[in-house]
Amino acid sequence: MTPRIEKALRSATDTKVFELGENILHIVPDVFRQQFPGREAVIIVDCNTWVAAGEKVAAYMKEAGVPATVFEIPDKHFHAEWKYIEMVDHVLDETGAIAVAVGSGVINDLCKLCSHHHKQSYVCVPTAASVDGYSSFGASISFEGLKQTFECPAPVAIVADAAVIAAAPAKMTAAGYADLAAKNPCGAEWMIADLFGTEPIQEDAWHMLQDVLDEMLASAEGVAKGDPKAISLLFEGLTLSGFAMQAARSSRPASCTDHLFSHYLDMTGHTFNGELQSHGFQVAIGTLTMCAFFDEFLKLDLTTLDVDKCVEAWPSFEQEQERAKEIFKDFVNPILGPQQMALKYHDKETVREQLTKVRDQWPELREKYRKQVYPFEKMQRLFQIVGAPSDPSHIGVTREQLKAMVPFTQLMRYRINLLDLAKRAQIYDQLVEAVFGAGGAWEIA
């Protein structure tokens, strides 16, 4: 265990054991017995993760005399949807056992929420460095057409076999790299929320991840080559992201507008070549889009911002409600936008205070944001190296479709973001045109 993981574990609220090393699946029975003495296990797998690690875990449990059954998710391709929550809940009801989640993000989220339903924890055995959700507080599940983060504790123990993780399909590792890279623009949006006073930065959660993020992302070449050391470093970064969420009791350290593009695609049932796209691949496009928005935002001189004019133009609550209703009227969940908009609407005087801070502190703020957010071209190059999507067409989304998602992502979560600042400062349309217009990162021909 590295010193930073050891330190992060002390701040984590749920996870007590984290083991990362090559060929360590044999320790799963001992870890299980230490955390759940006298209990039976149910090993949750799918057809791929059974081959990757599940069969070995089951054999080691049997050899060690730990009573364990196996439940395999019956579908080959599946996302974290409520019908699978009901399925795993039924398994835990029937067996009275403790879940051992052997798989990637979806299986982990299913076991996380279902274990919470049963007022117990579980053991996680990751099979790919594909997401940061293994160690995170909360599970992202589609429920009644809405992608929601349900509050639930992270696993009490994580046993990550580096050999298994390095052997995962390269696309899954690339997805994990993109998920980690999202913390780069996400961090700048947390700075904005902190400035506005809506979600103050929590120092322990911030430093746990942001202090080492550049180092983690610098391993792109090694990740692309499948180097176990580079992939272990990537997994460590993803784990730290999850621990930061545990410390914050929120996804704020790891998720903002970058993730909302992915949530939009999940909620609208997006597929490409007949397949659902991975969380990380969808987040890659959201991350690049937000880097592009920050590029254009940082070109502006907001020391000359006419705060009085912006406040005068700021719409009333009723006007914003009508705008949200119009945008979401044909959406799978029409009330999502109006609900979330209501949670983050601010009156004119609050907007005046927010914009005054932006104007008066702009040189300092611009420098802080510039140091935090990678330029679009740098992030795109890193994604090209690791094999993550570097253009929306790579996940079957046109630039026109991506542009049409922007109003949704601004409104679909209570969390203050760069687009909210742009709306207040009356530069929203300008930024959208700069990103999608002539010469923009996502220029529409």
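Filtered by the rule that a residue be open to solvent by 10 Å² or more (accessible area, probe 1.4 Å) and not aliphatic (A, V, I, L, M), segment 138-147 gives 140, 142, 143, 144, 145, 147.
Looking only at residues in segment 25-48 that are out of contact with any helix residue (DSSP H, G or I) (no Cβ under 8 Å at 6 or more places or on another chain) and open to solvent by less than 80 Å² (accessible area, probe 1.4 Å), the one that is nearest to residue 71 (Cα to Cα) is 47.
Applying the criterion of at least 2 residues that are farther than 30 Å from residue 179 by Cβ and either at pLDDT 95 or above or hydroxyl-bearing (Ser, Thr, Tyr) (or both) to the helices (runs of 4 or more DSSP H) found wholly in segment 268-331 leaves 307-313, 317-328.
Of the residues 366, 352, 415, only one is surrounded by 15 or more Cβ atoms within 10 Å (Cβ to Cβ), modelled with pLDDT of 95 or more and not in a helix (DSSP H, G or I); which? Steps first, please.
On the way: 366 fails: not in a helix (DSSP H, G or I); 352 fails: not in a helix (DSSP H, G or I).
Only one candidate passes the filter, namely 415.
Checking 12, 68 one by one, the residue that is open to solvent by less than 90 Å² (accessible area, probe 1.4 Å), touching a Ser or Thr at 6+ places or on another chain (Cβ under 8 Å) and aliphatic (A, V, I, L, M) is 12 and no other.
Considering only segment 15-24, state which residues are buried (at least 16 other Cβ atoms within 10 Å of the Cβ) and either more than 21 Å from residue 240 (Cα to Cα) or of a type in the set (A, V, I, L, M) (or both). Selection gives 17, 20, 24. For segment 97-136, residues that are in contact (Cβ under 8 Å) with a residue 12 or more places away in the chain and over 18 Å from residue 43 (Cβ atoms) total 9. Take residue 185 and decide whether it is at pLDDT 95 or above and either in contact with a His (Cβ under 6 Å, 6 or more places away or on another chain) or of a type outside the set (Lys, Arg) (or both). It is true that residue 185 is at pLDDT 95 or above and either in contact with a His (Cβ under 6 Å, 6 or more places away or on another chain) or of a type outside the set (Lys, Arg) (or both). Among residues of segment 391-420 that are within 17 Å of residue 288 (Cα to Cα), those with a Cβ under 9 angstrom from a residue that is among the hydrophobic types (A, V, I, L, M, F, W, C) and open to solvent by 60 Å² or more (accessible area, probe 1.4 Å), sequence gap 6+ or separate chain, pair up as 394/272; 395/272; 396/272; 397/272; 399/445. Take the conditions (1) within 23 Å of residue 312 (Cβ to Cβ); (2) crowded, with 19+ Cβ neighbours inside 10 Å; (3) touching a Phe, Trp or Tyr at 6+ places or on another chain (Cβ under 7 Å); residue 373 misses just one of them, which is (1).
Residues checked against (1) assigned to a helix (DSSP H, G or I); (2) surrounded by fewer than 20 Cβ atoms within 10 Å (Cβ to Cβ); (3) out of contact with any Gly (no Cβ under 9 Å at 6 or more places or on another chain); (4) at pLDDT 90 or above:
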site: 198; (1), (2), (3), (4): no, yes, yes, yes
site: 207; (1), (2), (3), (4): yes, yes, yes, yes
site: 214; (1), (2), (3), (4): yes, yes, yes, yes
site: 222; (1), (2), (3), (4): yes, yes, yes, yes
site: 232; (1), (2), (3), (4): yes, no, no, yes
site: 247; (1), (2), (3), (4): yes, no, yes, no
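Looking only at residues in segment 254-304 that are open to solvent by 20 Å² or more (accessible area, probe 1.4 Å) and more than 29 Å from residue 76 (Cβ to Cβ), the one that is nearest to the chain's Cα centre (by Cα) is 295. Among residues of segment 427-442 that are closer than 16 Å to residue 392 by Cα, those with a beta-carbon under 8 Å from a residue that is open to solvent by 10 Å² or more (accessible area, probe 1.4 Å) and outside any helix (DSSP H, G or I) at least six positions away or on a different chain give the pairs 435/441; 436/443; 436/444; 437/443; 437/444.
Anything in segment 418-445 that is assigned to a loop (DSSP other than H, G, I, E, B) and either touching a Leu at 6+ places or on another chain (Cβ under 6 Å) or not acidic (Asp, Glu) (or both)? List them, or say none. Before you say what the answer is, go through the steps one by one.
Filtering segment 418-445 down to residues assigned to a loop (DSSP other than H, G, I, E, B) leaves 425-427, 437-445.
Selection gives 425, 426, 427, 437, 438, 439, 440, 441, 442, 444, 445.
Could you list, ordered by first residue, the pairs with Cβ atoms under 7 Å in which the first is in segment 48-72 and closer than 12 Å to residue 32 by Cβ and the second is in a loop (DSSP other than H, G, I, E, B), at least 6 apart or interchain? Between residues of segment 48-72 that are closer than 12 Å to residue 32 by Cβ and residues that are in a loop (DSSP other than H, G, I, E, B), the close pairs are 67/40; 68/40. The criterion of at least 3 residues that are closer than 30 Å to residue 252 by Cα and of a type in the set (Gly, Ala, Ser) is met by the following strands (runs of 3 or more DSSP E) wholly inside segment 30-143: 98-103, 139-143.
The values are calculated or read from the model by the stated rules, or taken from the named source; none is laboratory data. Worth saying up front: this structure is predicted, and the values here are computed from it rather than measured. For neighbour counting, all protein chains shown are included, and Cβ atoms are generated from backbone atoms with ideal geometry for every residue, glycine included. To get the accessible areas, we keep the full protein, side chains included, count just its heavy atoms, and leave off ligands, DNA and RNA. Shrake-Rupley method; radii C 1.70, N 1.55, O 1.52, S 1.80 Å.
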